[in-house]
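Peer 1: The following block contains the structure, expressed as structure tokens.
Read-outs throughout are calculated quantities, based only on the coordinates presented, and are distinct from any laboratory measurement. In this text, all values refer to a predicted model and were calculated from it rather than measured experimentally. Here the Cβ positions follow ideal geometry from the backbone for every residue, glycine too, while neighbour counts run over all protein chains shown.
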Amino acid sequence: MANLASFDITSGVDLQEVDNAVNQARKEVAQRYDFKGSRAAIDLDRAENTITLTADDDFKMTALWEILQTRMVRRGVPTKNLTPGDVERAANDTVRRVVTLQQGIPTETAKDILRFLKEKKLKKVQAAIQAEQIRVSSPSKDELQEAMRQLREHDFGIALQFGNYRG
């Protein structure tokens with residue numbers, strides 16, 4: 001029996017980079033003229049994996065969201081893993097939006113990835129869901145590389161990371 005080569009598919013964000021991006025966005029908001037005197041705020045909750053944006057109105061909320069996204073991109077945080085909630089009314093005539101940080105692969109997305117790999121009919125490539133990641137294995141390293149290439153080309157709605165390659 002040939003040795004199986006494998007790799008893991010995960011999805012997540014580096015919380016330290018998110019923290020750095022949030023701090024940079026706060027500094028930019030403090031310096032921008034259009035936010036002078038406003039009650040704009042960005043709060044990161046590491047325990048809940050959420051970012052709460054608070055602004056005076058919808059226009060400032062849009063600007064705040066764009067600032068945050070720009071800082072995330074510059075820090076290398078995949079914006080696909082940010083799930084913005086609806087803009088809702090908050091106290092003192094402000095609006096609030098809660099952005100959820102995606103850590104791990106959701107079950108439905110994991111099933112979609114497995115279905116996608118089966119549809120591609122790669123020889124002897126097997127995939128299995130393990131908690132919030134997926135392990136893909138095959139006796140052929142070339143088939144694994146082909147599977148990675150096809151997974152990168154397809155959009156599953158989250159940023160996929162490939163790691164733990166064992167050959």
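Peer 1: May I ask for the net charge around Ser140, where only other residues with Cβ less than 10 Å from the Cβ of Ser140 are counted and Lys, Arg are +1 while Asp, Glu are -1? List each step's numbers first, then the result.
Peer 2: Values: positive: Lys123, Lys124, Lys141; negative: Asp142, Glu143, Glu146.
Net of charged neighbours comes to 0.
Peer 1: Do any GluC sites (Glu not before Pro) in the range 29-125 lie in a DSSP loop with no more than 14 other beta carbon atoms within 10 Å, and if so, which?
Peer 2: On the way: sites: Glu48, Glu66, Glu88, Glu108, Glu119; in loops: Glu48.
Those satisfying the criteria are Glu48.
Peer 1: Take the Cβ-Cβ distance between Lys141 and Arg115 as r, set R0 to 22 Å, and report the resulting FRET efficiency rounded to the nearest 0.05. Let's see the in-between values first.
Peer 2: On the way: r = 23 Å, r/R0 = 1.07.
Once the sixth-power term is evaluated, E becomes 0.40.
Peer 1: Sticking with this one: Relative contact order of the chain: what whole-number percent is it, with Cα pairs under 8 angstrom and at least 6 residues apart?
Peer 2: On the way: 273 pairs, mean separation 57.4, N = 167.
Result for the chain is 34 percent.
Peer 1: Treating cross-link reach as a plain straight distance, find the lysines whose alpha-carbon is under 22 Å from the alpha-carbon of Lys36, omitting any fewer than eight places away in the same chain.
Peer 2: Lys27, Lys60
Peer 1: Need one number: nm distance between label points at Phe162 and Ala91, each 7 Å from Cα along Cα→Cβ, rounded to one decimal.
Peer 2: 5.0 nm
Peer 1: Next question. Using the Cβ atoms and a cut-off under 14 Å, what net charge is assigned to the surroundings of Asn81, where Lys and Arg are +1 and Asp and Glu are -1?
Peer 2: Details: positive: Arg75, Lys80; negative: Asp14, Glu17, Glu132, Asp155.
Every neighbour counted, the sum reads -2.
Peer 1: Kindly put Leu53, Leu82, Leu15 in sequence by how many other C-beta atoms sit within 10 Å of each C-beta, fewest to most. Display every interim value, and only then the final one.
Peer 2: On the way: Leu53 23, Leu82 19, Leu15 14.
Ranking Leu53, Leu82, Leu15 by Cβ neighbours within 10 Å, fewest first, gives Leu15, Leu82, Leu53.
Peer 1: Please report, to one decimal in angstroms, the Kirkwood hydrodynamic radius of the chain built from all distinct Cα-Cα pairs.
Peer 2: Result for the chain, one decimal place: 17.9 Å.
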